[in-house]
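The values are calculated or read from the model by the stated rules, or taken from the named source; none is laboratory data. Predicted model, so just to flag it, every value in this text is computed and none were measured. All Cβ positions, even for glycine, are placed from backbone atoms using ideal geometry, and neighbour counts span all protein chains on display.
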């Protein structure tokens, strides 16, 4: 391990946080949707991929990256609204597995439609000019774009926190996650709240896909692998817990980047080993409430 | 989930249906024995057998116990790889290799099951999927044994020696009947499991977990045992796949293969005895027919699956059985 310095570890730590930021965004969306609707969204990876492709399309048609950051979540979130209203809503009350199975089938359709429209091979995704290059962060030069990913995630998280904690609609969401029946009894249109939460979750997934696109390019299959990793994050953090999703997302990102420093071939396996460990010690995850899922 | 899955023979059974249920193994075997004579594509018929057996193993867990696993590709793939590795690297005879595949399916099921069953409800699908992804990477990286990305090649089997008779494994029809022998044995074992007191406990856990626990049954143990049994069926199916394809593609382990079991089982009818075979047949026929005129067959498979979830949650065979009961 020649050349292994504290600076290198520090750099890798930052890289891990940047990677973790994408996990955090995906897990937050999954957790939000699950906490309210008790739907495990197996199409979440597909919406993530769709975000990257919609961004690609907008860029090719004269849009710029900054415009995409606003438009992509709106477009994909709109698709999410339609999916909830038309496909998922008829399945409430039919058992917890049916919405899951439906979103699983939906992910096939979304991936195949993207393959038909954009072709089966992937595309590179240019880093916006303003964010190219690297900056000195004290331990070395760090790619500016990765810093931007961390920053953008922090902004989204802060916005979400404000929305959930400081608005009356956020109050309804938090109450609905705890006891949807009472919320309904109090006269709240729960169906509408669920619709909006599903749309928000998919919009955040699309935003994550767009942020990840310059880091790894876009291919139709990009959602499949990251879905499994996002599941690990939600399981480790505790499903339905937003704080858990944030901490677990960063932890998983750091674990991946650290193992790729010391044992690159084990990087993919490490996060699942982490999940196995958490399941053995604390099956409900860091912040999950025991018995919530039963 | 609990109440919409009717017990297979709970409503007033007609004499004919009662008779058919009692002789379900014989009837299913008869169908499978006649099937290749009316089916022009023998290789496809063998695939239907193998994937039907895989979906059957999945169905034991999902249809009868009510646990939705998205990690069955690990069990199927472990069976295929271990059977293939035993033949390619160690020169084992084919029957021992199949046995090893079966045991491998059970062993992986034991590990995944022991971890996943610690979580409850909807977590189960996510944890099984994540753990199967982990198994995928482990096999992917063990290039020396598994061939990594290229898959395991050279699982060649030309002659099968059964009780002194040499049977040509390269002939599609005799290969079909060899595979069919294993499938019929599996059907018989499954039927015995379901008809046993343990089978009744499995369905009791699905219908009402709390009541099963209150009746003194160790629900966790029942779940783990059923998962391991499911692994035995899937491992056997994987081993047969390795022999049939004479390679083990890495995609066997992929998460989409797990989804395949879910789709076939739901299309056919979960919690029905013969539904998984109907589901496998329809899925594979659909895939083969649609891929003749478009490479985007997944679109149609996805649409068919979503239509099934929305409108025919009992699946094709399940709906037929319901009609016969009514």
Test: residue in region B:227-248 that is crowded, with 24+ Cβ neighbours inside 10 Å, closer than 27 Å to residue B:136 by Cβ and within 14 Å of another protein chain (Cβ to nearest Cβ): no
Helices (runs of 4 or more DSSP H) contained in region B:64-158 and holding at least 1 residues within 14 Å of chain A (Cβ to nearest Cβ) and at pLDDT 90 or above: B:72-88, B:94-116, B:123-141
Verdict on residue A:223 being buried (at least 20 other Cβ atoms within 10 Å of the Cβ) and within 14 Å of another protein chain (Cβ to nearest Cβ): yes
Selection status of residue B:277, crowded, with 22+ Cβ neighbours inside 10 Å, within 14 Å of chain A (Cβ to nearest Cβ), in contact (Cβ under 8 Å) with a residue 24 or more places away in the chain and part of a helix (DSSP H, G or I): no
Criterion (part of a helix (DSSP H, G or I) and without any contact (Cβ under 8 Å) to a residue 24 or more places away in the chain) met by exactly one of B:222, B:292, B:309: B:292
Residue count for region A:75-121, restricted to those that are more than 9 Å from chain B (Cβ to nearest Cβ) and over 21 Å from the mean Cα position of the chain (by Cα): 9
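Condition check ((1) touching a strand residue (DSSP E or B) at 6+ places or on another chain (Cβ under 9 Å); (2) touching a residue at least 60 places away in the same chain (Cβ under 8 Å); (3) surrounded by 23 or more Cβ atoms within 10 Å (Cβ to Cβ); (4) more than 12 Å from every other protein chain (Cβ to nearest Cβ)) across all residues:
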{"position": "A:217", "(1), (2), (3), (4)": "yes, yes, no, yes"}
{"position": "A:233", "(1), (2), (3), (4)": "no, yes, yes, no"}
{"position": "A:239", "(1), (2), (3), (4)": "no, yes, yes, no"}
{"position": "A:244", "(1), (2), (3), (4)": "no, yes, yes, yes"}
{"position": "A:249", "(1), (2), (3), (4)": "no, yes, yes, yes"}
Subset of region A:177-198 [in a helix (DSSP H, G or I) and more than 19 Å from residue A:77 (Cβ to Cβ)]: A:177, A:178, A:180, A:181, A:182, A:183, A:184, A:185, A:190
Conditions (1) surrounded by 13 or more Cβ atoms within 10 Å (Cβ to Cβ); (2) over 15 Å from residue A:35 (Cα atoms); (3) touching a residue at least 60 places away in the same chain (Cβ under 8 Å): number failed by residue A:177: (2)
Boolean, residue A:105 is free of Cβ contacts under 8 Å to residues at least 40 places away in the same chain and either within 20 Å of residue A:160 (Cβ to Cβ) or assigned to a helix (DSSP H, G or I) (or both): yes
Residue count for region A:258-286, restricted to those that are at negative phi, facing chain B (nearest Cβ under 10 Å) and not in a helix (DSSP H, G or I): 3
Tally of residues being in a helix (DSSP H, G or I) and either under 22 Å from residue A:286 (Cα atoms) or within 14 Å of chain B (Cβ to nearest Cβ) (or both) across region A:4-45: 25
Test: residue in region A:125-146 that is touching a helix residue (DSSP H, G or I) at 6+ places or on another chain (Cβ under 6 Å) and on the phi > 0 side of the Ramachandran plot: yes
